[in-house]
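Read through the structure below, which is laid out as structure tokens, and then see the notes.
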Amino acid sequence: MPLHRTASIVVLTGAGISRESGLHTFRDADGIWATVRLEDVATPEAFARNPRRVQEFYNARRRGLLDPAVRPNAAHAALAELERRWGGGVLVVTQNIDDLHERAGSRNLIHMHGELLKAVCVRCRTVTEWRGDLSMEDVCPACARAGGLRPDVVWFGEMPYQMDRIGEALAGCDLFVSIGTSGNVYPAAGFVAEAGRYGAQTVELNLEPSAGATEFARSIHGLATAVVPAFVRSLLDGADI
Ligand code: BV8
């Protein structure tokens, strides 16, 4: 059945949507967790234990993201077009810390796991744009103290950002679409069940079935740059979903 044009859509994205832009995923064979343990670089305990190592891990990823060859791909562009042309609301909730959705034109966007191009001061909590390397010697532009700046990224064991706003959107949406995520990390992996409980249509677009594949009413498998533009076109053409 076609989705009515004033329907509300929530899209969850993960690392798979940025894979064809040249950014590695986490759990694929060539993924980030194949070369480094998340316990050593993506927890508050790791940062307390060895801040230099954690800063370097994110410095390398920030440099990679700022490589001119890394650009939004057709999947990011399709979601931005959907937001522009759809009559109802379109909210993208991304687990990704890259800025490819913004650069593709998405505006109604939540970075639930933070942003690689921002730093937060643990002392005054001020968030600052940060595109260079980050070290424990850097001084917070707001409180002028050194040694307190960290990537503005949500680590394991930390509260994801804007959970209230996300919960409201899931309760009110007519369609929940999950793109490029393995469904291993909570609370994001639980969003499909939450949206489904409120009666939303649920669709998964992914290279392969995710850990939560059975929770979706429909799954479309393929490369994001192929399946996402096709799905957006079907929505805009009023096709059955
Ligand atoms: C929380 C930022 C409480 C950092 C990330 C013990 C203590 C505390 C918590 C826990 C605990 N044990 C378990 C938990 C919960 C924990 C968790 O889920 N752990 C897992 C490992 C079991 N979660 C947390 O700690 C979260 N906080 O629970 O706080 C709370 C709970 C509820 C409400 C309030 C508070 C915080 C989790 C956030 C951690 N930070 N990232 C960084 O980026 O460095 S998570 C990290 O994983 C990234 O954000 C990433 O996006 C996310 C999910 O990974 P995916 O995006 O799915 O990537 P993945 O590689 O796994 O999959 C890629 C998929 O794409 C694959 O399916 C692949 O097939 C597909 N694909 C590949 N190429 C393509 C493609 N698809 C299409 N096209 C392609 N070309």
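Looking only at segment 194-203, which residues are part of a helix (DSSP H, G or I) and touching a strand residue (DSSP E or B) at 6+ places or on another chain (Cβ under 9 Å)?
E194, A195, G196
I'm trying to understand the selection: among the residues of segment 221-232, which are away from the ligand (no atom under 11 Å from the Cβ) and crowded, with 18+ Cβ neighbours inside 10 Å?
Listed by number, the residues that qualify are P229, F231, V232.
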Note to self: When you check R150 against the structure, is it out of contact with any Asp or Glu (no Cβ under 8 Å at 6 or more places or on another chain) and away from the ligand (no atom under 14 Å from the Cβ), yes or no?
What the structure shows: no
Notebook entry, point to check: Which one of these does R53 not meet: (1) away from the ligand (no atom under 12 Å from the Cβ); (2) in a loop (DSSP other than H, G, I, E, B); (3) exposed (fewer than 14 other Cβ atoms within 10 Å of the Cβ)?
Noted result: (2)
Note to self: If a residue must be closer than 24 Å to D40 by Cα, away from the ligand (no atom under 16 Å from the Cβ) and in contact (Cβ under 8 Å) with a residue 24 or more places away in the chain, how many such residues does segment 107-131 contain?
What the structure shows: 4
Item checked: Test: residue in segment 94-104 that is small (G, A, S), touching a His at 6+ places or on another chain (Cβ under 7 Å) and touching a residue at least 12 places away in the same chain (Cβ under 8 Å) -> yes
Note to self: When the residues of segment 151-187 are narrowed to those that are aliphatic (A, V, I, L, M) and either closer than 24 Å to E56 by Cβ or in a loop (DSSP other than H, G, I, E, B) (or both), which ends up most open to solvent (accessible area, probe 1.4 Å)?
What the structure shows: M159
Notebook entry, point to check: Out of (1) under 25 Å from S8 (Cβ atoms); (2) of a type in the set (K, R); (3) not in a helix (DSSP H, G or I), what's the single condition that is false for R84?
Noted result: (3)
Note to self: Could you check segment 193-205 and list, in sequence order, the residues that are touching a helix residue (DSSP H, G or I) at 6+ places or on another chain (Cβ under 6 Å) and not acidic (D, E)?
What the structure shows: A193, A195, Y198, T202, L205
Next item on the list: Give segment 204-220 a look and list any residue that's more than 8 Å from the ligand (Cβ to nearest atom) and either of a type in the set (D, E, K, R) or touching a strand residue (DSSP E or B) at 6+ places or on another chain (Cβ under 8 Å) (or both), or say none.
Entry: E204, P209, G212, A213, E215, F216, A217, R218, S219, I220
Margin query: Looking only at segment 24-42, count every residue that is more than 7 Å from the ligand (Cβ to nearest atom), over 18 Å from L223 (Cβ atoms) and part of a loop (DSSP other than H, G, I, E, B) and tell me the total.
Written below: 3
Item checked: Count - residues of segment 1-23 that are modelled with pLDDT under 95 and in a loop (DSSP other than H, G, I, E, B) -> 5
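The values are calculated or read from the model by the stated rules, or taken from the named source; none is laboratory data. Everything numeric here is computed off the predicted structure, so don't read it as measured data. Glycine gets a Cβ as well: all are built from the backbone with ideal geometry, and neighbour counts include every protein chain shown. Note: areas computed on protein heavy atoms with side chains; ligands, DNA, RNA excluded. Shrake-Rupley method; radii C 1.70, N 1.55, O 1.52, S 1.80 Å.
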